[in-house]
Amino acid sequence: MIIQQFTITPFQQNTRVVACEKTRKAICIDPGEECGEIVEFIRGGDFALQAITLTHGHLDHVGGTAYLREIFPDADVILHKDDEDLYYGLPQQPLFMGIQPHQMKALGFDYANPPKLTRNWVDGEIYSVGNLNFKVLHCPGHTRGHVVLAEENERKVFVGDCLFEGSIGRTDLPGGSYEQLMDSITNKILALGDDFTVYSGHGRETTVGREKSSNPFLTGAYQMTRGKYI
Ligand SMILES: [Fe+2]
């Protein structure tokens, strides 16, 4: 598996291009903003972008979808149906964060309407990218329609904003639920196995085992109703 990370947006979000080495088929997980380097990487590596795969609908994860899709018009755009309201409401999302309409352009948050989704994730489905097979797990809590993508042979999981090194996703935004997030993390992500490498939407990569033993939200060291990141 080829994984190329681009840390972009004012939120230091991790956009990733993930590809099958053999077939050169690729996906872009969560394009956070317009970014020419991502396009150069896909073209330069002779990858075929089969889809823009979205873990959830927050602006720092979907803000670059329109740009990338315009350049790769054959790519699918996939999101869980329970985050469609966030996705199609992208131009209004900055209001959640207290950014007023007249400030949006100056702060770089003036989003156009995103392209129409081509399909929705289904919980439990296997999504293939060449020889890679991702299990799609619905993990609500940070948003209603959050999913994670787990590749069981490679022992890697892309968790978006569910889980971070030493923290968890925030649950105070619309559609968030601390109880649901803890249930998703415990029963879907930690259940994958300690040896899984965890690729988060912000911050460094970690492993399931490391988070189980040291993440204060999971060890019971403390409980809060919000984590660090949007
Ligand atoms: Fe988020």
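Taken as a whole, the condition of being open to solvent by 60 Å² or more (accessible area, probe 1.4 Å), within 13 Å of the chain's Cα centre (by Cα) and away from the ligand (no atom under 14 Å from the Cβ) does not apply to Thr53. For segment 174-192, the tally of residues that are surrounded by 14 or more Cβ atoms within 10 Å (Cβ to Cβ) and either of a type outside the set (Phe, Trp, Tyr) or closer than 26 Å to Ile3 by Cα (or both) stands at 13.
For segment 173-196, a residue qualifies if it is free of Cβ contacts under 8 Å to residues at least 60 places away in the same chain and outside any helix (DSSP H, G or I), and the qualifying residues are Gly176, Ser177, Gly193, Asp194, Asp195, Phe196. Residue check: is Asn215 more than 16 Å from the ligand (Cβ to nearest atom) and either over 22 Å from Asn14 (Cα atoms) or at pLDDT below 95 (or both)? Judged against the criteria, Asn215 is not a match.
If you go through segment 74-84 and keep only what is under 10 Å from Ala51 (Cα atoms) and in a loop (DSSP other than H, G, I, E, B), you end up with Asp74, Ala75.
Please work out if Lys116 is open to solvent by 30 Å² or more (accessible area, probe 1.4 Å) and modelled with pLDDT of 95 or more. Yes; evaluated as a whole, the condition is true for this residue.
The values are calculated or read from the model by the stated rules, or taken from the named source; none is laboratory data. Only a predicted model underlies this, so the values are computations on that prediction, with no experimental measurement involved. Cβ: placed from backbone, ideal geometry, glycine included. Neighbour counts: every protein chain shown. We work out accessible area using only protein heavy atoms, side chains counted, and drop any ligands, DNA or RNA first. Shrake-Rupley method; radii C 1.70, N 1.55, O 1.52, S 1.80 Å.
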